[in-house]
Amino acid sequence: MNFSFPLPPFRLYNTISRKLEPIKPINPPHVTMYACGPTVYNLAHIGNFRTFLCVDLLRRALELFGYKVIHTMNYTDIDDKTIAASRAAGLSLVEYTQKYIDAFEQDMQTLHLLKPHFQPKATEHIEKMIEFIRQLIDKNHAYIGEDGSVYFRIASFPDYGKLSHLEKDKLKPGSHILADEYIKEHYGDFALWKAKKPEDGEVGWISPWEIGRPGWHIECSTMSICYLGNEIDIHCGGVDLIFPHHENEIAQSESVTGQNFVRHWFHVAHVLVEGEKMSKSLGNIYTIRDILERGFNERTLRYHLLTASHYRQTLNFTWQGMEASREAVKRIDQWLSRFQSLPKSQFQLQEYEEETRFLRCFVEALADDLNITEAIGHLFDWIRHTNRMMDKGEPLPPLQRSWQLVDTILGIGEFSVEIPPEIQTLLQMRAEARKNKNWATSDRIRQQLQEMGWIVQDTPEGQKAWKV
RNA sequence: GGCGGGGUAGCCAAGUGGUAAGGCCGGGCUCUGCAAAAGCCCUAUGCGUGGGUUCGAUUCCCACCCCCGCCUCCA
């Protein structure tokens, strides 16, 4: 994308420094980005997708700024939950998780998420994890517990706690301390390899230690290094992963490589539903499909999860909020439909100061820690401004061009309706009736179309129809 | 207890040391056979509370009150 103005530095909040910092890629223009993906034991919910949507926004913004992003997102397809759920379903682990991987990919498409370049599965990298753990043991960062599991020794890593800003000496066992905790040297030590237990059923891999399976954190370290290198530019995830997951990843990775693991830590705040945390007992865990069933389309959902608040701000999901977003998307659609139906001859202003100003503001907002909320504000200013020009019949700048740029970021797609033949026929009949000022027939057809799920509007350019 | 985030109009939400973007809702007008859309106008002397610094603070400092998250496997 070429801009007629200089691009500002791209600044992003870095969890580890707690400051806004310019992106400094290791090998510009490439940016290596790893995102902790879903645990595939059920359908992902809107909270999960809010995070992935923000990661997607980050990627799109970086690409707009000319960076070549290499995006990796893993699938956690082995852990307590996947094992338990697959056994309960009477399926093998792979059969079971594949079902939810497929569902997740479908949902990603629904929400117009760009496909990551790599989507590795934990179960396909067991060998590499074993090698990784072996190195940790060799370097005396890990030890074998009495139960045969392998644990990371946090005392061996002086920087432990640098991401979450927790002091390892102050870590105290919580109420949910596990029965086998006494096996570990320090309650902060965490499992790299888990020895097989009866409840694991058939699941287990042969290793230099007991038969078993990898701990959770090791997969991300292994796959991040495997696909993107010892040090990467950006590592993403939900805020809940800061501790212990990402803290542990740092400890493992830096202990093995002796290098800095991640330059920029990007964390997305959580979603609440009607002011409350999503939970099974409240029955307020919504999946993408749940939202669509409520009659909201996927573009509204994407728009809402992306723009209702800044990514570092908790998003309180409400139906009222969804309705507001639906109206906002409709307003954008009306504007698109309006200028797209104008003759080419009306777009005469190749150079238009106001357009440049708008694009500049939009881009600068994004460069300022992905301030999408502000960027959208500029978009609506631009919409109002150009609607006014259209009202007056003034020459217009090439609106399609600026919209395309904006939609590179928003990803809510073009407003395009495929009108089925039967609807087309009714519209023609109505147009005919209107020509003869046969209002009764005109209104009857409009009513009929509405019952069929189509809204029709009369504009100076003729009828316009779209699906509810 | 430790660490962090937040309290801005009916709802959502940016933001700045000089006097409050934007969206939704609501009201008025214009346009229109009607409807819808669109445009224009209106809608916070006010930014949790109390002090302080300042010519001036919602924005800086101090104290206090609420809400939320994390503190071992939840995005």
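The values are calculated or read from the model by the stated rules, or taken from the named source; none is laboratory data. Note that the structure is predicted; figures quoted are calculated from it, not measured. We place every Cβ from the backbone using ideal geometry, glycine too, and count neighbours over all the protein chains shown. Surface areas here come from the heavy atoms of the whole protein model, side chains and all, with no ligands, DNA or RNA. Shrake-Rupley method; radii C 1.70, N 1.55, O 1.52, S 1.80 Å.
Annotations
- Beta bridges by DSSP in chain A, antiparallel share as percent, to the nearest 5: 50
- Computed FRET value (nearest 0.05) for A:E185 with A:Q320, which takes r as the C-beta separation and R₀ as 45 Å: 0.30
- C-alpha long axis of helix A:319-340 to longest principal axis of chain A, angle in °: 50
- Cα shape, segment A:205-254, gyration tensor, a/c 1.5 rule: oblate
- Rounded tilt (10° steps) of A:439-451 against the dominant C-alpha axis of chain A: 10
- Shape of segment A:276-410, Cα gyration tensor, a/c cut at 1.5: prolate
- Segment A:11-268: relative contact order as a whole-number percent, Cα under 8 Å and 6+ apart: 24
- Counting 0.36 nm for each residue step from A:E351 to A:H30 and taking away their Cα separation leaves a gain of 112.4 nm.
- Here each label is just a point 7 Å from Cα along the line to Cβ, and for A:L342 and A:H270 those points are 4.7 nm apart.
- Mean accessible surface per residue for chain A, computed with a 1.4 Å probe while every protein chain stays in place, in Å²: 47
- Rg to Rh quotient for chain A, alpha carbon positions, Kirkwood Rh: 1.05
- Couplings for segment A:200-206, taken from phi via the Karplus curve 6.51 cos²θ - 1.76 cosθ + 1.60 with θ = phi - 60°, read 7, x, 7, 7, x, 10, 6 Hz in order; Gly and Pro are left as x.
- Distant-in-sequence amide contacts of A:V31, defined by a placed amide H-H separation under 5 Å and a gap of 5 or more residues or a different chain, comprise A:K68, A:V69, A:I70.
- Element breakdown for chain A at a 1.4 angstrom probe: carbon and sulfur atoms account for 50% of the accessible area.
- Long-range amide H partners of A:L349 with built H, under 5 Å: A:L396
- In this structure, A:Q447 and A:K19 have a Cβ-Cβ separation that, at R0 = 51 Å, corresponds to a calculated FRET efficiency of about 0.30.
- Segment A:92-108 and segment A:178-246: distance between their alpha carbon centers, rounded to Å: 21
- Remark: relative contact order (chain A) = 16 percent; criterion is Cα-Cα distance under 8 angstrom and separation of 6 or more residues.
- The distance between label points at A:D169 and A:R331 comes to 5.6 nm (points 7 Å beyond Cα on the Cα→Cβ vector).
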